[in-house]
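The values are calculated or read from the model by the stated rules, or taken from the named source; none is laboratory data. On a predicted model such as this, the values are computed, not experimentally measured, just so you know. Positions of Cβ are generated from backbone atoms using ideal geometry, with glycine treated the same way; all protein chains shown enter the neighbour counts. To get the accessible areas, we keep the full protein, side chains included, count just its heavy atoms, and leave off ligands, DNA and RNA. Shrake-Rupley method; radii C 1.70, N 1.55, O 1.52, S 1.80 Å.
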Amino acid sequence: MSKKTVTVTDNETGKSIELEVLQPSCGTETIDISPLYKELGYFTYDPGFVSTASTWSKITFLDGDEGRLEYRGYPIEQLAEKSTFLEVCYLILHGELPTAEQLAAYEQKITRHTLPHEQLSKFYNGFRRDAHPMAIMVGVVGALSSFYHDNMDIFNPSHRIDAANLLVAKIPTIAAWAHRYSTGKPFMYPKNDLSYAENFLYMMFAMPTEDYKPDPLMAKALDLIMILHADHEQNASTSTVRLCGSSEANAFAAISGGIGALWGPAHGGANEAVVRMLTDIVESGKPLSEFIDRAKDKNDPFRLMGFGHRVYKNFDPRAKIIRKVCHDLLQSGRINNTHERLFEVAMELEKIALEDDYFKDRNLYPNVDFYSGIIFLAMGIPTSMFTVMFALSRTIGWISQWNEMMSDNKVRIGRPRQLYIGETTRDYVPIDQRS
Ligand code: CMC
């Protein structure tokens with residue numbers, strides 16, 4: 001079968017070139033524009049990468065129009081119902097679901113590497129007491145390079161898997177310690193008899209002076225949230241990890257860059273922003289309609305946090321799953337009065353927005369962060385830790401995408417072009433002659 005192509009013609013010179021249309025296993029056909037500059041002398045312009053595939057990948061597929069999300073071909077709904085976070089980590093990293101033996105070995109490996117180098121714990125003292133835990137995450141994860149990078153070769157596949165396992169194992173400890181440091185509580189060391197999610201809750205909330213048993217419902221909810229956030233193809237933070245890694249920087253530096261990119265409210269910071277918005281609404285005592293009107297007003301920068309998504313122009317499939325967990329927690333009595341009111345406001349907002357033409361016309365549905373913030377609150381996780389929770393879950397996606405890129409022997413340093421619209425060449429003016 002002949003290759004599908006599109007023809008691009010320069011109307012000025014009359015020169016035409018054929019560009020190959022690359023075929024995905026599912027999703028949108030993709031034009032290979034790489035010969036464009038050499039053949040026609042043009043760059044392409046696509047702010048926000050709206051129409052540009054920055055890479056090939058075999059890890060995650062999502063169809064924003066259909067609201068479909070799959071890791072390695074497995075629908076998120078099935079993984080959420082039947083799998084565990086560590087099994088999903090294995091799947092994302094290695095490409096296949098593990099056998100029982102493989103899973104047991106993987107779980108053991110992760111559990112036995114949860115302790116960071118003891119000296120790393122001293123890093124925390126260098127941060128201000130009131131430092132945002134995401135600032136601590138960027139710093140401490142970057143600092144892992146100084147402990148573990150020297151023995152690792154980023155071009156050695158088995159070293160890359162070691163780096164991936166090390167990061168997945170240590171990130172909950174690093175994250176929980178960021179919280180403990182800011183509250184002045186002693187660091188809790190992980191316990192090997194606890195599951196991944198239980199261990200995180202233990203390190204967050206246990207005290208050396210008392211027994212602590214993680215709540216099984218909370219641990220299950222956390223495991224599910226981590227599955228839902230594990231990967232999301234080429235989003236801003238993942239693209240940052242790839243771009244950083246493309247310069248052959250080490251894995252820890254690349255992941256630290258990803259954490260920085262995740263921090264902003266348009267990406268991972270949205271769950272924190274959702275709870276702040278809901279709290280503001282409740283505390284203002286003003287009718288919800290006032291906030292809806294503000295969100296629609298183009299002269300007002302206010303947006304409904306937790307609504308809209310760059311790629312889901314239908315319901316975010318993760319939001320559907322997580323919404324149910326929110327209800328389960330509510331029914332179990334785990335959500336106290338303050339949280340209950342926030343949840344009610346969230347439900348009212350969801351209802352109004354889903355019926356309002358402004359939101360309907362623009363396909364603005366609640367996204368996963370709309371609900372995850374409420375669940376984290378119910379778990380007793382402080383608002384400032386919400387984005388850290390996202391980083392903790394997404395580490396497996398970032399490191400697997402980095403590993404996939406580094407396994408490609410055709411990979412080149414990422415180096416976008418630009419459309420320059422600044423001054424053209426001009427002569428230097430001595431300071432005494434400037435007006
Ligand atoms: N509230 C009110 N209006 C909105 C909102 C919102 N949350 N989101 C988009 N719009 C409007 C926007 O004003 C624009 O209107 P118009 O066409 O009249 O100019 C239209 O919808 C399209 O918006 P956009 O900004 O072009 O869409 P985008 O794809 O560039 O932005 C987004 C996507 C997620 C940044 C944006 O929807 C947003 O800021 N949402 C709130 C923050 C949020 O919840 N972020 C979490 C994203 S999910 C987590 C993740 O995967 O990282």
- Expressed in angstrom and rounded, the centroid-to-centroid distance over alpha carbons for region 397-435 and region 216-272 is 23 Å
- Would you kindly state how much longer the chain becomes between Asp46 and Lys15 on full extension, computed as 0.36 nm times their sequence separation minus their alpha carbon distance, in nm to one decimal? 8.9 nm
- Message: Beyond 17 Å, how much of the Cα-Cα pair distribution for region 106-225 remains, as a whole percent?
- Response: 59 percent
- Message: So if I restrict to the alpha-carbon atoms in region 288-378, what is the Rg, and what is Dmax, the biggest pairwise distance, in Å?
- Response: 13.4, 42
- Once you've got the GNM for the chain with C-alpha springs shorter than 10 Å, pick whichever of Asn314, Asn156, Asn363 has the biggest mean-square fluctuation. Asn156
- Note on the structure: For region 230-291 the translational diffusion coefficient, Stokes-Einstein from a Kirkwood Rh over Cα pairs at 25 °C and viscosity 0.890 mPa s, in µm²/s, is roughly 181 µm²/s
- Task: Before rounding to the nearest 500, sum -39500 (n - 2.57) across all DSSP H runs of length at least 4 in the chain and divide by the residue total; then give [θ] at 222 nm in deg cm²/dmol.
- Result: -16000 deg cm²/dmol
- Task: Enter the Cα centre distance for the pair region 319-382 and region 143-168, rounded to the nearest angstrom.
- Result: 38 Å
- Message: I'd like the distance separating the alpha-carbon centroids of region 23-79 and region 113-130, in whole Å.
- Response: 39 Å
- In a GNM of the chain with a 10 Å cut-off on Cα contacts, which of Val50, Val411, Val274 has the highest mean-square fluctuation? Val50
- Quick shape check on region 3-86: root eigenvalues a ≥ b ≥ c of the Cα gyration tensor, a/c under 1.5 is rounded, otherwise prolate if a/b tops b/c, else oblate, and it reads prolate
- Using a Förster distance of 35 Å, the FRET efficiency for Ser158-Asn363 (Cβ separation, nearest 0.05): 0.20
- Message: Quick check: pseudo-label points 7 Å beyond the Cα along Cα→Cβ at Thr425 and Ala135, how many nm apart are they?
- Response: 4.5 nm
- Task: May I ask you to derive the relative contact order of the chain, considering only C-alpha pairs under 8 Å and at least 6 residues apart, and to give it as an integer percent?
- Result: 19 percent
- Task: Could you pull out the pairs from Lys320/Lys360; Lys286/Lys320; Lys82/Lys313; Lys122/Lys213; Lys82/Lys324; Lys38/Lys410 whose alpha carbons sit more than 21 Å apart here?
- Result: Lys286/Lys320; Lys82/Lys313; Lys122/Lys213
- Task: Could you sort 51-64, 229-242 so that the peptide with the highest average Cβ count within 10 Å comes first and the rest follow in order?
- Result: 229-242, 51-64
- Query: Given the Cα atoms of region 155-289, and with Rh set as the inverse mean 1/r over their pairs in the Kirkwood sense, what is Rg to Rh to two decimals?
  - Reply: 1.03
- Note on the structure: Short to long, in 10 Å steps from zero, the percent of alpha-carbon pairs of region 1-141 per bin is 8, 22, 22, 23, 16, 8, 2
- Translational D in µm²/s for region 82-177 (Stokes-Einstein at 20 °C, 1.002 mPa s, Kirkwood Rh from C-alpha pairs): 145 µm²/s
- region 230-334 - Debye-derived log10 I(q)/I(0), Cα point model, q = 0.11, 0.13, 0.15 Å⁻¹: -0.51, -0.69, -0.86
- Counting only residues 5 or more apart in sequence or on a different chain, those whose built amide H sits under 5 Å from that of Leu22 are Thr30, Ile31, Asp32
- Given the options Arg72, Arg341, Arg362, state which has the largest fluctuation in a GNM of the chain using a 10 Å cut-off (strictly under) for Cα springs. Arg362
- Item | For region 326-400: rounded, prolate or oblate by the Cα gyration tensor [a/c cutoff 1.5] | oblate
- Hydrodynamic radius by Kirkwood for the chain, inverse mean 1/r across distinct Cα pairs, in Å, is 23.7 Å
- Query: What FRET efficiency, computed as 1/(1 + (r/R0)^6) with R0 = 35 Å and r the Cβ-Cβ distance, is obtained for Lys213 and Glu283, rounded to the nearest 0.05?
  - Reply: 0.55
- Just by accessible area at a 1.4 angstrom probe, what is the order of His159, His94 from largest to smallest? His94, His159
